[in-house]
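Working notes, structure below.
The values are calculated or read from the model by the stated rules, or taken from the named source; none is laboratory data. Bear in mind that the values here come from a model prediction, so they are computed numbers and not experimental data. Cβ atoms come from the backbone with ideal geometry, glycine included; neighbour counts cover every protein chain shown. Calculation scope for accessible area: heavy atoms of the full protein, side chains included, ligands and nucleic acids excluded. Shrake-Rupley method; radii C 1.70, N 1.55, O 1.52, S 1.80 Å.
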Amino acid sequence: MENFIVSARKYRPATFETVVGQHHITGTLKNAIKNNQLAQAFLFCGPRGVGKTTCARILAKTINCTNLTAEQEACGTCESCISFQTGHSFNFHELDAASNNSVDDIRSLIDQVRIPPQAGKYKIYIIDEVHMLSANAFNAFLKTLEEPPSYAIFILATTEKHKILPTILSRCQIFDFNRIQVDDISGHLNKIAQRENISVEADGLHIIAQKADGGLRDALSMFDQIVSYTNKNLTYKSVIDNLNILDYDYYFKLTQYLNTTDVSNSLILFDEILNNGFDGNNFINGLANHLRNLLVAKDPQTTKLLEVSETIKQKYITQSQQTPVSFILTALNLANQCDLNYKNSKNQRLQVELSLIKMCHIPSVLQLAQPNGNSATDEDQIKKKTNLSSAAPSKPAVQEFANNITSAPVDSTETVQKIPQQESKPLPVVPQPLHDQPKNTPPIPLTNPAPTAKIALNNNANAKISTLIPSLTDLERRAEEEENDGPKYITGEAREAFTYEQLMFYWNQYATKAKEDNKINVYTLLTSSDPVLDSPEEVTVHVEHKIQEGQLQDEMIDFLNFLRPRLKNFHLTIKSKQVARAVVNRLYTNVEKYQYLIEKNPKLEEMRKRFNLDVNS
Ligand SMILES: [Zn+2]
């Protein structure tokens, strides 16, 4: 059997030049060696596996080399270099503070420091994970760090700089190691593959590099694992199977479905993803990232922010050309909302499905928003001054950009007094004297809302970007307004007295009808508590919250049109009164449970209507 040496060890860089992705650090160290200005204590900070220990080893080897090259690199052939390379040098000591963090461990290290090097000029002490040292150990070490012997050099390495005491920080020269770029990692893996005669696909290496999140050591161990598993044939497919990564293709396919209002295929695809063992939250985050990539691919200037291989980059550019910016932004926003709500959701699968369904309806909603009925194309977006290239193309900017489309739009030309969201639907004008109005009816706006879709204007002068994309809620409301072209109150002369029993007879009749019509929330509203007849013509309904109040207002015209002729009194009014529910009710029936869910997420009702679903009572 072939002796397989772990790549991380076999290909550990031996010179500063070959360290991957930390040129700012290796350059500084080489200069310090050249000018003989080497500090005696260093603090190497940075994530795991980015080359801190490697750089420490190279530094130790280089400053002890008796035959430095012109580039300030170790020769690799002198006695000292060879002893370093074979691991037999006595001038290099490594202490892992994660497992040796007691005062005794530090004392034995300090004892060693007292002994000068037998060969070579310097003794190097590296203390890994130095933040794990106990407070006492830290104090014991401080004295040595303050007055080290001239031949001793300390390199403290940590992944958590903020845990290092200021007294230590002030005595060290600090180097911050970067996460290594995806391209650097995949390039390095490619070099190893060539030397080892391993056949690789560039897309596969890119996935490994991405998954490693800047850590070369992690990337190498994933690489080793997959190479041995696939018998030296590393393909894109083998990588995503091994690392349990969602294939890009899923997202490309899904975006196509969403963009063509293909609800069924979107839901089936999501089901397939769940069946493959992926988590809904990962999926929605991946989708958000995919949408972000599409946005970034819109502009040649920002395509370099795509950390993907060349073939996949081309796919992104192609799909982004077929997808309007307004769609991407709205979908991105829905994905973010889903991510925020996911953890608290009792039905997480539904949470994701609901978001997908909403995304499917974005194209039709956007179509409604266009005055000429055409779907929003990129050119339209550009006409609306949505210039992505002028915006700072960073992630936070994109986020801010997306947030703008849901924040309640403030039309700078609008003079109507701002009224709460729940009641902002314009009420039909009631053909009655004003004093007969129910007392709690919100004021009727004096002017109608602007005939065109309300457009989000960015009033914040400091904001770098302004967007003219209509908000989804606005568009939905407008679509609704267009649908119901103003039902009116029936008027009449009759004004007969009626009894409470008569009222309740028709009241319950209407409630039953509402239930039959699948208006579950109206049914619940009318039957959860008995109405109160305050005066001969005024009925009060007890509601528990604003949402129910809104539901009552929505139903008011139909309800009064039902009651007034039957009770032969056209002066009958109904008002609502908000009361706190005294006892916390357990949810027994499906109707109650559903009612509870709608209160949590009113969009559920919309979905139920669109799919014509029933709630089993
Ligand atoms: Zn040497």
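If you go through region 496-520 and pick out every residue that is farther than 10 Å from Leu567 by Cβ and open to solvent by 40 Å² or more (accessible area, probe 1.4 Å), you end up with 10.
Being within 26 Å of Ile192 (Cα to Cα) and open to solvent by 10 Å² or more (accessible area, probe 1.4 Å), is that true of even one residue in region 274-292? No: region 274-292 contains no residue that is within 26 Å of Ile192 (Cα to Cα) and open to solvent by 10 Å² or more (accessible area, probe 1.4 Å).
Out of the residues in region 29-46 that are part of a helix (DSSP H, G or I) and open to solvent by less than 60 Å² (accessible area, probe 1.4 Å), which is farthest from the ligand (Cβ to nearest atom)? In this case the residue turns out to be Ala32. Within region 93-107, not a single residue is within 16 Å of the ligand (Cβ to nearest atom), without any contact (Cβ under 8 Å) to a residue 60 or more places away in the chain, assigned by TED's automatic domain parsing to the domain that holds Leu156 and not aromatic (Phe, Trp, Tyr).
hydroxyl-bearing (Ser, Thr, Tyr), under 22 Å from Gln37 (Cβ atoms), modelled with pLDDT of 90 or more and buried (at least 20 other Cβ atoms within 10 Å of the Cβ), is that true of Tyr151? Here the answer is no, as Tyr151 does not meet what is asked. Tell me yes or no: at least one residue of region 186-195 is modelled with pLDDT under 90 and either part of a loop (DSSP other than H, G, I, E, B) or not aromatic (Phe, Trp, Tyr) (or both). Yes: one or more hits. Which residues, taken from region 47-61, are open to solvent by less than 40 Å² (accessible area, probe 1.4 Å) and in a helix (DSSP H, G or I)? Lys52, Thr53, Thr54, Cys55, Ala56, Ile58, Leu59, Ala60, Lys61 - these are the residues of region 47-61 that are open to solvent by less than 40 Å² (accessible area, probe 1.4 Å) and in a helix (DSSP H, G or I). Filtered by the rule that a residue be under 19 Å from Arg171 (Cα atoms) and either without any contact (Cβ under 8 Å) to a residue 12 or more places away in the chain or in contact with a Ser or Thr (Cβ under 6 Å, 6 or more places away or on another chain) (or both), region 114-136 gives Val130, His131, Ala135. Of all residues in region 179-213, which are under 17 Å from Lys237 (Cβ atoms) and over 31 Å from the mean Cα position of the chain (by Cα)? Hits for region 179-213 are Ala193, Ile198, Ser199, Val200.
Restricting attention to region 62-85, the residues that are more than 7 Å from the ligand (Cβ to nearest atom) and either open to solvent by less than 20 Å² (accessible area, probe 1.4 Å) or not assigned by TED's automatic domain parsing to the domain that holds Pro13 (or both) add up to 4.
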